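Structure first, commentary second.
The values are calculated or read from the model by the stated rules, or taken from the named source; none is laboratory data. Remember, predicted model here, so these are calculated numbers, not experimental data. Methodologically, a virtual Cβ is constructed for each residue, glycine included, from the backbone with ideal geometry; neighbour enumeration extends over all protein chains shown. Ligands, DNA and RNA are stripped out before the accessible areas are found, and what is left, the full protein with its side chains, is counted by its heavy atoms. Shrake-Rupley method; radii C 1.70, N 1.55, O 1.52, S 1.80 Å.
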Amino acid sequence: MNSKVWDYTLLSLVIIGAINWGLIGFFQFNLVSFLFGSMSWLSRIVYALVGIAGIYCISTYGRIREF
């Protein structure tokens with residue numbers, strides 16, 4: 001898989017996680033639990049994928065180049 005496609009896919013997952021946390025913080029509304037159930041196996045997979053994506057995005061610090 002192309003590295004750029006991988007980066008954008010995982011960045012999208014991180015953004016989804018950030019939006020979910022924003023909804024929880026501002027409105028006490030958990031979108032993942034709403035869509036997939038509270039701590040169902042599917043919601044746990046979503047949380048795990050977002051966490052893995054966040055860990056992977058740490059590597060972008062080493063790849064950022066100044067313009």
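Over the chain, what is the mean sequence separation of C-alpha contacts under 8 Å (at least six apart), divided by residue count, expressed as relative contact order in percent? Spell out each step's value before the answer.
Details: 35 pairs, mean separation 25.7, N = 67.
Once divided by the residue count of the chain, the mean separation gives 38 percent.
Hey, what angle do you get for helix 3-27 against the long axis of the chain, alpha-carbon based, 0 to 90 degrees rounded to 10?
Rounded to the nearest ten degrees, it is 40.
When you take every Cα atom in the chain, what is the radius of gyration, and what is Dmax, the widest Cα pair distance, in Å?
For the chain, the Cα radius of gyration and maximum Cα-Cα distance read 13.9, 44 Å.
Where only protein heavy atoms count, and the probe is 1.4 Å, what is the accessible area per residue for the chain in Å²?
Values: 5560 Å² over 67 residues.
Ligands and nucleic acids excluded, the result is 83 Å² per residue.
On a 0 to 90 degree scale, rounded to 10, what angle separates helix 41-57 from the longest Cα axis of the chain?
Relative to the chain, helix 41-57 is tipped by roughly 30 degrees.
Return the carbon/sulfur percentage of the accessible area of the chain, one whole number, probe 1.4 Å, all protein chains in place. All intermediate terms of the calculation are to be shown ahead of the outcome.
Working: 3980 of 5560 Å².
The C+S portion of the solvent-accessible surface of the chain is 72 percent.
Could you order the peptides 53-60, 11-18 from most to least packed, using the average number of other C-beta atoms within 10 Å per residue? Write out the running numbers ahead of the final one.
Numbers: 53-60: 12.9, 11-18: 15.0.
Averaged packing, sorted descending, gives the order 11-18, 53-60.
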